[in-house]
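Enquirer: After the C-alpha cells below, expect a handful of questions from me.
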Amino acid sequence: MAIQWFPGHMNSTRNAIRERMKAGLDVVIELLDARLPGSSRNPLLAELTEGKPTLKLLNKQDLADPERTAAWLAHYNALPETRAIGLDASIKAPAKALMSECRLLAPNRGGMAKPLRVLICGIPNVGKSTLINTLMGKRATKTGDEPGITKVEQKLVLENDFYLFDTPGMLWPKITVPEAGFNLAASGAVGRNAFVEEEVAVELMACLRQHYAPLLVERYKLEITPELSDEELLEQLGRKRAAMLSGGRVNLQKAAEILMYEFRQGTLGRITLETPEEFTAWVATGAAAEAKAKAEAEAKKAARKAGRKR
C-alpha cells in the first residue's frame, strides 16, 4: 500500500512559500517529529527554500527515544548551514531558544532596519501551532490532535526585529519512501482517509517488535515468539484488550486504533521509529525503485511510439 496525501490547501501552502521566498526570507525553521526525524523532513520544502539557512526542531522529544534523538541531532548538525535542537513545544524556556539559534544562522540580520524574517514549516500535526502559542504566550493559532488545523499563513512578531511567518502543515505530492509513508500515518500526520489503519498498525507492530519488544510486553503482556507474524501479534493485542467481534474473532480495526493511539500519546514509552542509517537506506531503495519505474514507463512509451510508426 502506497500512502499519499496532498489535499488542495497544501498546494496553496506550496505557492505561499514560493511567494514568501520572493518577498525575502532569512531563515527556515522546519519542525520535525522527533519520533520520525527523517520521515517528517519535507523534501519539497528543501526544494522550495534551497540556499536558506535552516533550523531543524525535533519536536515531541519527550515522546522519543533519547539515544536516537541524540543521533538525529548529530546527523542534522553535521549538514551545512543547518542547526538542530530538540524541543518539547509545551515547555517555554527551550522554545525560546529557537530565536537565538535563528540569529546565529543569520548574523547579518537584526535591528529595526533589517528585521530577521523567519519561515516556520512542518508536516501536519507535528505540534507547530502549540509551539507558536507557547512562543507568543497566548492562543495565537488553533491546535488539535488532527492534521490540517492551520489553513492560512500568519505573520507573528516575536520581538521587534523578529518576524515569524507561520504556514499550514504540508506534506509532499508523492511519498517515494514507503516506510516514511507508514511512519507518517502512524504518527497522525496523514488524513485517515489516505490509509488503512490495520495495515499501518501491522507495520508499526513490526518496528516495535524489532526495536522495542520489552515495551510491548510490559504494556500489553504479549507473548512474542519468532514464529508469530506481526499481524498475529496485533490479534494477540486485540484479545488482551477485549477488542473482539462475535464468534470469537478479533476486531483488528479496534486493535489497530489502540496501538496507534497509545504510540501517539506516548503511553507505550519513548519510541523513535527510525535511525539516520535506516532512513538513508530507505531513501536509496526508494530512489532506485522510482528510477526503475521511470525507465520502464519510458521504455513502454518508446515501444508504443515505435509501433505507431510501423
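The values are calculated or read from the model by the stated rules, or taken from the named source; none is laboratory data. Small disclaimer: the values here were computed from a predicted structure and weren't measured. Backbone-built Cβ (ideal geometry, glycine too); neighbour counts: all protein chains shown. Just the protein is used for accessible areas: all its heavy atoms, side chains included, with ligands, DNA and RNA removed. Shrake-Rupley method; radii C 1.70, N 1.55, O 1.52, S 1.80 Å.
Enquirer: Quick check on my link table: of Lys60/Lys254; Lys174/Lys221; Lys114/Lys174; Lys114/Lys155; Lys52/Lys292, which ones sit more than 28 Å apart, alpha carbon to alpha carbon?
Expert: Where the Cα-Cα span goes over 28 Å, the pairs concerned are Lys174/Lys221; Lys114/Lys174; Lys52/Lys292.
Enquirer: If you consider only alpha-carbon coordinates, what radius of gyration and Dmax does the chain have, in Å?
Expert: Final numbers for Rg and Dmax: 21.5, 73 Å.
Enquirer: Quantify, in whole percent, the carbon and sulfur part of the accessible surface of segment 16-127 (1.4 Å probe; protein heavy atoms only).
Expert: Here carbon and sulfur together make up 53 percent of the probe-accessible area.
Enquirer: Could I ask something else about it? How many percent of the accessible area of segment 170-216 is carbon or sulfur, using a 1.4 Å probe?
Expert: In segment 170-216, the share of accessible area belonging to carbon and sulfur is 53 percent.
Enquirer: While we're on this one: Under 10 Å, Cα contacts only: if you run a Gaussian network model on the chain, which one of Gly248, Gly266, Gly111 comes out with the highest mean-square fluctuation?
Expert: Highest fluctuation among the options: Gly248.
Enquirer: Which of rounded, prolate or oblate describes segment 159-310 when judged by the alpha-carbon gyration tensor and an a/c cut-off of 1.5?
Expert: Oblate is the answer for segment 159-310, as a/c is 1.5 or above yet b/c matches or exceeds a/b.
Enquirer: Relative contact order for the chain using alpha-carbon pairs under 8 Å, separation at least 6, rounded to a whole percent?
Expert: Across the chain, relative contact order equals 20 percent.
Enquirer: While we're here: What's the carbon and sulfur percent of segment 242-310's accessible surface, probe 1.4 angstrom, rounded to a whole number?
Expert: Carbon-and-sulfur percentage of accessible area, whole number: 56.
Enquirer: Which shape class applies to segment 243-310: rounded if a/c is under 1.5, otherwise prolate when a/b exceeds b/c and oblate if not, where a ≥ b ≥ c are the square roots of the Cα gyration tensor eigenvalues?
Expert: Working: a/c = 6.19, a/b = 1.92, b/c = 3.22.
Note, shape of segment 243-310 comes out oblate.
Enquirer: Under the 0.36 nm per residue contour assumption, what length would be gained going from the current alpha-carbon distance of Ala291 and Arg18 to full extension? Don't skip to the answer; put the middle values down first.
Expert: Numbers: separation 273, 0.36 × 273 = 98.28 nm, distance 2.74 nm.
95.5 nm is the gain from fully extending Ala291 to Arg18.
Enquirer: Where in the chain are the helices, taken as whole DSSP H runs, whose Cα atoms extend 24 angstrom or more along the long axis and whose Kyte-Doolittle mean reaches at least 0.0?
Expert: Correct list, ordered by number: empty.
Enquirer: For the chain, modelled as a Gaussian network with Cα springs under 10 Å, which listed residue fluctuates most, Asn251, Asn77, Asn160?
Expert: Fluctuation is largest for Asn160.
Enquirer: Which value at 222 nm does the chain reach when only helices count, each DSSP H run of 4 or more adding -39,500 (n - 2.57), with the total divided by all residues and rounded to the nearest 500 deg cm²/dmol?
Expert: Estimated from H runs of four or more residues: -15500 deg cm²/dmol.
Enquirer: Rounded to the nearest 20 Debye, what is the dipole magnitude of the chain about its Cα centre when Lys and Arg each give +1 and Asp and Glu each give -1 at the C-beta?
Expert: Here the chain has a charge dipole of around 1440 debye.
Enquirer: Amide H of Leu58 versus every other amide H placed in the peptide plane: which residues, excluding those fewer than 5 positions away on the same chain, fall under 5 Å?
Expert: Amide H neighbours of Leu58: Leu32, Ile85, Gly86, Leu87.
Enquirer: Further, regarding this structure: Just grab the label-to-label distance for Lys301 and Thr225, each label 7 Å out from Cα along the Cβ direction, in nm (one decimal).
Expert: About 5.3 nm separates the two model spin labels.
Enquirer: Turning to a different aspect of this structure: Could you state the accessible area per residue of the chain in Å², with a 1.4 Å probe and every protein chain left in place?
Expert: 48 Å²
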